[in-house]
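Some notes on the structure that comes next.
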Number of protein chains: 2
Amino acid sequence: MSPDDRLAAQFAFLNEADRLKSVLRATTLCDGSRAENSGEHSWHLALYALTLADQAEPGVDINRVIRMLLLHDLVEIDVGDVPIHSMGGTAHASTATQEAESRAADRIFGLLPPDLARDFRALWDEFEAAQTPDARFAKSLDRVQPVMANLQSGGGTWITYNVTLDQLDTRVGEKISRGAPRLWDWVRAQARHFFA
Amino acid sequence: MSPDDRLAAQFAFLNEADRLKSVLRATTLCDGSRAENSGEHSWHLALYALTLADQAEPGVDINRVIRMLLLHDLVEIDVGDVPIHSMGGTAHASTATQEAESRAADRIFGLLPPDLARDFRALWDEFEAAQTPDARFAKSLDRVQPVMANLQSGGGTWITYNVTLDQLDTRVGEKISRGAPRLWDWVRAQARHFFA
């Protein structure tokens, strides 16, 4: 691959990535003014990782967490966002969703030069599997940020999907606790008042 | 500062940062459908750094570049975006803009616990000064991304502000060349056709 062909492939990926700014999530901005898109959500999560690094378990590499969070939603360009509370909390983990996301990862990371395609896909696979400390912390932040947006905007997707505190504990709290237990304790104490 | 007070300060900053998603830039999305906001722009730039790391000078720390890019536009929450080509290319570097951005940095980073406020402010100051290799590369990417958006969208801010190729060379090319000379050669070869 010539240097010019390599740059062309890098920019083909970066131009395609621009489309993530048009993928809308169920969550709104903190002021409730409009739906959040997955591009700005990814920025906010990377900023969460930078700001809440002291909440990660010992040994977590925040730079790798940030990289995962920058990449984690790109598959939504093809698949769209699947809200965590939709379809009674079951849609997000369905086999159909996971297969569609895997095909999207093939296509989108496949735009890159082979070495970058391999590296980025490995980070995305690690995030999705949620088995390493880095991925677990990244997943925790991905669950915390919408809780804060809902609290700021007066309920958000909790109202849309008629969510109870028990459902929040199961769908959200358990996953946050796996990567950042102290963080969930604090966030839950804030969220509890909404459901009282 | 108690652990709870520390978390409250961290989230005060993260909730305030959400407002960057409502700051609109002169540049549009690649499909021209709407103005880009500074939150999603910051995500895209961090992805640029990750994808174009091989264009950085030896010794550049891409993780620090990514951190700078995640933080670099937060001052726009108070000041707004100042388009590079506005007011004949002079507004961006004016003393008034720089003083307003410095006051915004005091306020916004001041929401954080003192250690994080100091670290984030130091990264932002380094980016603004554009003297270190890390900051120069970050600045280069911040200039490249709107060029690609304009090319994709059929002219964008070059049409809005009636920009010539000479002006692009001066206002944009020289700054990209300082941090990523090979990158500007390739990008200019693409952009040249638009001005022909």
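The values are calculated or read from the model by the stated rules, or taken from the named source; none is laboratory data. Here the structure is a predicted model, which means the values were calculated and not measured. Methodologically, a virtual Cβ is constructed for each residue, glycine included, from the backbone with ideal geometry; neighbour enumeration extends over all protein chains shown. Side chains included, ligands, DNA and RNA excluded: accessible areas come from the protein's heavy atoms. Shrake-Rupley method; radii C 1.70, N 1.55, O 1.52, S 1.80 Å.
General remarks:
- Rounded to the nearest 20 debye, the dipole magnitude of the stretch B:3-195 is 460 debye, with +1 charges on Lys and Arg beta carbons, -1 on Asp and Glu beta carbons, and the Cα centre as origin.
- The phi-based Karplus calculation (6.51 cos²θ - 1.76 cosθ + 1.60; θ = phi - 60°) puts the 3J(HN,Hα) values of the stretch B:109-115 at 5, x, 6, 7, x, x, 5 Hz, whole numbers, x for Gly and Pro.
- Here the 3J(HN,Hα) profile of the stretch A:71-87, calculated from phi with Karplus coefficients 6.51, -1.76 and 1.60 at θ = phi - 60°, is 9, 5, 9, 4, 4, 5, 4, 8, 9, x, 7, 10, x, 4, 9, 6, 6 Hz, Gly and Pro shown as x.
- Rough spin-label spacing in nm, given labels placed 7 Å along Cα→Cβ, for B:ALA122 and A:ILE159: 4.4
- Residues of the stretch A:2-33 buried by at least 30 Å² on assembly (accessible area, 1.4 Å probe, chain alone as reference): A:LEU7, A:GLN10, A:PHE11, A:LEU14, A:ASN15, A:ASP18, A:LYS21, A:SER22, A:LEU29, A:CYS30
- For the pair the stretch A:54-79 and the stretch B:1-72, the centres of their Cα atoms are 14 angstrom apart.
- Annotation for A:HIS92, label-to-label distances across the other copies: 4.0 nm (shortest first, one decimal, point 7 Å from Cα along Cα→Cβ).
- Acute angle (nearest 10 degrees) that the helix B:38-51 long axis makes with the longest principal axis of chain B, alpha-carbon atoms: 70
- Gain on full stretching of the segment that runs from B:GLN98 to B:ASN15 - 0.36 nm per residue minus C-alpha separation: 27.4 nm
- For the stretch B:56-165, the per residue solvent-accessible surface stands at 40 Å², with DNA, RNA and ligands left out and a 1.4 Å probe.
- Neighbours of B:ALA100 by Cβ distance under 12 Å: Lys/Arg scored +1, Asp/Glu scored -1, total -3.
- Amide H to amide H, with H built 1.01 Å from N, B:THR27 comes under 5 Å of B:GLU36, counting only residues 5 or more places away or on other chains.
- Label geometry 7 Å along the beta-carbon vector: A:GLY154 inter-copy distances in nm: 4.0
- Ordering B:HIS44, B:PRO146, B:ALA9 by the projection of their Cα atoms onto the charge dipole of the stretch B:3-195, which places +1 on the Cβ of Lys and Arg and -1 on the Cβ of Asp and Glu, puts B:PRO146 at the extreme positive end.
- Carbon plus sulfur fraction of accessible area for the stretch A:3-195, probe 1.4 Å, in percent: 50
- Taking both sides together, the accessible area buried where B meets A is about 4400 Å² for a 1.4 Å probe.
- Among residues other than A:CYS30 with Cβ under 15 Å from its Cβ, the summed charge is -1 (Lys and Arg +1, Asp and Glu -1).
- Gap separating the Cα centres of the stretch B:130-144 and the stretch A:150-196, nearest whole Å: 39
- Cβ-placed point charges (K, R +1; D, E -1), dipole of the protein assembly as shown about Cα centre in debye, nearest 20: 260
- Measuring only protein heavy atoms, the 1.4 Å probe finds B:ASP78 accessible over about 70 Å².
- Across the identical copies, the 7 Å label point of A:PRO3, projected outward along Cα→Cβ, sits 5.2 nm from its counterparts, in ascending order.
- Bins of 10 Å from zero: percent of alpha-carbon pairs in the stretch B:3-195: 9, 35, 38, 15, 3, 0
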